[in-house]
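Colleague: The structure is given below, and queries will be raised subsequently.
The values are calculated or read from the model by the stated rules, or taken from the named source; none is laboratory data. Computed from a predicted model, the values in this text were never measured in an experiment. Here the Cβ positions follow ideal geometry from the backbone for every residue, glycine too, while neighbour counts run over all protein chains shown.
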Amino acid sequence: MIRTTLLGLIAASTALTALSSAAVAQDWRADLPTFRIGLLGGENESDRLRNNDCLRVALEERLGVPVEMFPAPDYAGVMQGLLADQLDYAALGASGYAGIYLQDPEAVEPVFVSAEADGSLGYIAVMLARADSGIENLEQMEGRSLVYADPNSTSGYLVPRAELAAMGIDDSTYFSNTGFGGGHEQGVIAVVNGQYDAAVTWASGLGEPAEGYTRGNVRRMIDNGLLDMSEMRVIWESNLIPNGPVVLRKDLPQEVKDIVSDYLANQLEADAQCYYDVSFGEGQGWAPVDHSFFAGIVAMREAELAGSR
């Protein structure tokens, strides 16, 4: 009789625990009826949506709630969406993350960066000119025009401008004029179309430049049929830059963070094509990071902001 009663109590306790867990799960889904992914500007909208649709499908299956993608016209749109709690997830450049952190350190947390084909966690900025322009190096850019990608881009503005300054080059006087293309793809297309003499964009720094490197905007544009590197020339490369993070809104339920993180940690093995599409090319999967990985870029962004005041 005692044994039967104990077994009954154990069974009841187990049932209550299961019900409690289900209630908790139901609670966060009620509070998060849709998981919202922000997509940075820099690539045309249809390509952004197509390349990230596999991510949407995978997370929707795992989270059990609808997943929606929000392509912003520029970097600032995604940054503001995260700061305003209107987005839950985004893949950012390091400078974009730094910009958010400097406004609100509690807004988002970096969870992963993509590891390059050799396992490294950095990439480079490259300056591209048309092969028929006669420009073969940075020295020959004096008096010519340069297009940056976006004011919130790491490789498309922050780092090139900082490295130029370190070489004693004031971009406001060295170049005939500078401007912003509205994104990496748009900046390169402006050079292809002869609107600017050179553009800065991002690449893994691995593989053959003539083939678009292994990963990055150059690789993506070649894959999409938008760029022929036989018509372009790499005239400058930056030092290594920390890869940009996937970030999650900091106040998301822990179960949501765990589900998303588990998927990304295994994405390369589970769906290599989706990893290729989402991460802009070849790599060794997602590597976990935290805020300390971006400390140098945060300091650089802070100095840039101070200098503009």
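Colleague: For residue 221, all conditions in the list (1) crowded, with 20+ Cβ neighbours inside 10 Å; (2) touching a residue at least 60 places away in the same chain (Cβ under 8 Å); (3) closer than 24 Å to residue 145 by Cα hold save one; what is the number of the exception?
Modeller: For residue 221, the failing item is (2).
Colleague: For segment 159-169, does any single residue satisfy the condition of being acidic (Asp, Glu), closer than 23 Å to residue 299 by Cβ and within 26 Å of the chain's Cα centre (by Cα)?
Modeller: yes
Colleague: Run residue 255 past the list (1) touching a strand residue (DSSP E or B) at 6+ places or on another chain (Cβ under 8 Å); (2) assigned by TED's automatic domain parsing to the domain that holds residue 91 and report the number of the one that doesn't hold.
Modeller: (1)
Colleague: Go through (1) more than 23 Å from residue 183 (Cβ to Cβ); (2) without any contact (Cβ under 8 Å) to a residue 60 or more places away in the chain and name the single condition residue 80 misses.
Modeller: All conditions pass for residue 80, except number (1).
Colleague: Which residue is farthest from residue 279 (Cα to Cα), if the candidates are limited to segment 200-218 and must be part of a helix (DSSP H, G or I) and either at pLDDT 95 or above or within 15 Å of the chain's Cα centre (by Cα) (or both)?
Modeller: Going residue by residue through segment 200-218, those that are part of a helix (DSSP H, G or I) are 209-211, 217-218.
Retained after the next criterion (residues that are either at pLDDT 95 or above or within 15 Å of the chain's Cα centre (by Cα) (or both)): 217-218.
Details: 217: 10, 218: 13 Å.
The selected residue is 218.
Colleague: I'd like to check something: does segment 261-270 contain any residue that is aromatic (Phe, Trp, Tyr), within 21 Å of residue 75 (Cα to Cα) and within 19 Å of the chain's Cα centre (by Cα)?
Modeller: No, the conditions are met nowhere in segment 261-270.
Here's the yes/no breakdown for (1) crowded, with 19+ Cβ neighbours inside 10 Å; (2) in contact with a strand residue (DSSP E or B) (Cβ under 7 Å, 6 or more places away or on another chain); (3) of a type in the set (A, V, I, L, M); (4) in contact (Cβ under 8 Å) with a residue 24 or more places away in the chain:
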position	(1), (2), (3), (4)
145	no, yes, no, yes
159	yes, yes, yes, yes
171	no, yes, no, yes
180	no, yes, no, yes
184	yes, yes, no, yes
191	yes, yes, yes, yes
200	yes, yes, yes, yes
205	yes, yes, no, yes
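Colleague: Any residue in segment 69-78 that is of a type outside the set (A, V, I, L, M, F, W, C), at negative phi and modelled with pLDDT of 95 or more?
Modeller: If we filter segment 69-78 for residues that are of a type outside the set (A, V, I, L, M, F, W, C), which is where we start, we get 71, 73-75, 77.
Cutting the leftovers down to at negative phi gives us 71, 73-75, 77.
Still in the list and also modelled with pLDDT of 95 or more: 71, 77.
Yes, the conditions are met somewhere in segment 69-78.
Colleague: Can you find, within segment 280-305, the residue that is modelled with the highest pLDDT among those that are loosely packed, with under 15 Cβ neighbours inside 10 Å and among the charged types (D, E, K, R)?
Modeller: This residue is 290.
Colleague: Say we look at segment 242-269 and pick out the residues that are of a type in the set (A, V, I, L, M, F, W, C) and either touching an Asp or Glu at 6+ places or on another chain (Cβ under 7 Å) or without any contact (Cβ under 8 Å) to a residue 40 or more places away in the chain (or both); which of these is surrounded by the fewest Cβ atoms within 10 Å (Cβ to Cβ)?
Modeller: Looking at the filtered set, the residue picked out is 268.
Colleague: Across segment 254-277, which residue is nearest to residue 65 (Cα to Cα) among those that are of a type in the set (A, V, I, L, M, F, W, C) and touching a helix residue (DSSP H, G or I) at 6+ places or on another chain (Cβ under 7 Å)? Quick ask: steps written out before the conclusion?
Modeller: If we filter segment 254-277 for residues that are of a type in the set (A, V, I, L, M, F, W, C), which is where we start, we get 256, 259-260, 264-265, 268, 270, 272, 274.
Right, trim to touching a helix residue (DSSP H, G or I) at 6+ places or on another chain (Cβ under 7 Å) and you get 256, 259-260, 268, 274.
On the way: 256: 11, 259: 12, 260: 13, 268: 23, 274: 20 Å.
Checking each candidate, the answer is 256.
Colleague: Right, another one. Output the number of residues of segment 276-309 satisfying the condition of being part of a helix (DSSP H, G or I) and in contact with an Asp or Glu (Cβ under 9 Å, 6 or more places away or on another chain). Don't jump to the end; show me each part of the working.
Modeller: Here is the first cut: in segment 276-309, the ones part of a helix (DSSP H, G or I) are 276-279, 291-308.
This time we only want the ones that are in contact with an Asp or Glu (Cβ under 9 Å, 6 or more places away or on another chain), so: 276-277, 291.
Final tally of qualifying residues: 3.
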